[in-house]
Amino acid sequence: MAQKYGDVFSLMLGNRLVVVLNGVNAIQEAIIKHSKAFAGRPQLHTFQIANPYGNSLTLTDYSPQWRLSRKMSVCPIHNFVKNTDALGEKLLQESQRLIHCFKAQKGKPVNTLRPLKCATANIILNALFGVERSYDDEELGKILDVADNFRQAVHGSSHVDFLPLLKYLPNKALSNLELTMKTVLGAVTKMFEKNKESYADGQVRNIADSFISVVERETEKDRETHTAGEDTVSMAPLLSDEQIVPILGDLFGGGFETSSVTLYWTLAYLVKYPDIQRQLHKELDDVIGRERLPTLQDIASLPLLQATVYELLRVTSIAPLAVPRSTITETNIWGFIIPKDTVVFVNLWSVHHDPETWKEPDVFYPKRFLDGAGQVIDPTFHRGFLPFSGGRRKCPGEALALKTVPVFLGALLHSFRFTQDGLPAEYQGINLQGQHGLTLMPETFYVKIEERF
């Protein structure tokens, strides 16, 4: 439609006016230059069900309370990622666990998605609550099942957002979404409360502790202010436990979903492009050798591996339209007046497949992120690289995902070759078009895992 109507166009979806932004220039103009104006979230029916208390970091509209929640989320994530020794050790341990799981399945048709989700979920659970689970742990399995149900329920009920009369009709997807959210919040509440029981004053072990510490510190400031007999009342917007839990739930769901789906896509592409898989094997053998696994500290010395991750994030665009935004004020983009409270779709797929930015954009070519000397190019050098969106609604888990994915991928490729050679006919074939939903997922595919000696 952008080819016919331009990079900024509007349409009516049911009873709602929707503006669609396409291409690097229009999207950068909106979400970067006018980031505040486009920082809202629309009042969609599914959002209200998925955000019953109005505290979700992802779905809550722009407000002072949301800005506080955002700040309190981003800082501890960055602090966790900056502690490279602790994060590197955790990634290595989880890589070893994932390799052990894959070794038990070598030589037969394997759908790798579930163990990939277990591994990435353990990383984010460790970041949030300092916990980890075995891959056959019943509680972890329930959490992952709930996350799958959430993805399906949101996708299955989204039409109600634009045809609101349908919400009064029996709707299994909406009922599932409501039940799923109660289950998610219940599971996160349980982990948060258990973490809080072992919290020691001032000792921040994880992201949940960071929230507790900030709230206690601000509460103490208020107490001191009142004790001093000052007339002014502190306006610091403190967060209750009921407000913190949905934020932690968002961080968990977004954190493991992005990383696991990216890794799943990566294996799909490397089976379809065995020459690139061989090049990665060679780089790992040349740089790391065969005596140990690659670690977080090694990633900087593996430019092709880094470039492959960047290219996968670009070519797959697993959140092709991101989460819908809304305008919080009337704003002007390229001469188009967009009213306040207008629903806005940001077409990140168009950015990553723009032929003016990317040569042969539909081709999987990791070396586009390498310079003439074979060194990796900072992906932010390309204005058209926005896999985590941008502006005030940029994904807060970007830094952690960009550490997790290359370490897991490096460990898996160091240990295994992934192929479909020799699999029965019913397990052959990979569709790189993907299935649209909350994220763009590959259709289920199977691989044969061959150990590298």
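Laboratory data are not the source of any read-out in this text; all were calculated from the coordinates shown. Note that this is a predicted model, so its numbers are computed, not measured. Virtual Cβ from ideal backbone geometry, glycine too; neighbours counted across all protein chains shown.
Quick notes on this one:
- The longest stretch of the chain left intact once loop-based GluC sites (Glu not before Pro) with at most 12 other Cβ atoms within 10 Å are removed from consideration, loops following DSSP, is 1-229.
- Theoretical FRET efficiency, 1/(1+(r/R0)^6), r = Cβ-Cβ of Asp286 and His100, R0 30 Å, to 0.05: 0.75
- Mean Kyte hydropathy of 0.0 or more with a Cα span along the axis of at least 24 Å, helices from DSSP in the chain: 241-272, 398-415
- Taking a Cβ cut-off of under 12 Å around Glu29, the surrounding Lys, Arg, Asp and Glu residues balance to a net charge of +1, with basic ones at +1 and acidic ones at -1.
- Estimated 222 nm signal from helices in the chain, with DSSP H stretches of n ≥ 4 weighted -39500 (n - 2.57), rounded to 500: -16000 deg cm²/dmol
- Within the chain, percent of DSSP bridges classed antiparallel, to nearest 5: 85
- Semi-axis lengths, Å, the stretch 2-446, gyration tensor of Cα atoms, sqrt of 5 times eigenvalues: 35, 29, 23
- Whole-angstrom gap from the stretch 176-211 to the stretch 302-347, using each part's C-alpha centre: 30
- 4 °C / 1.567 mPa s Stokes-Einstein diffusion coefficient of the stretch 1-61, Kirkwood radius on C-alpha pairs, µm²/s: 97
- Computed over the stretch 88-210, the ratio Rg/Rh where both radii use C-alpha atoms and Rh is Kirkwood: 1.08
- Summing Lys and Arg as +1 and Asp and Glu as -1 over all other residues whose Cβ lies under 13 Å from the Cβ of Arg393 gives a net charge of +4.
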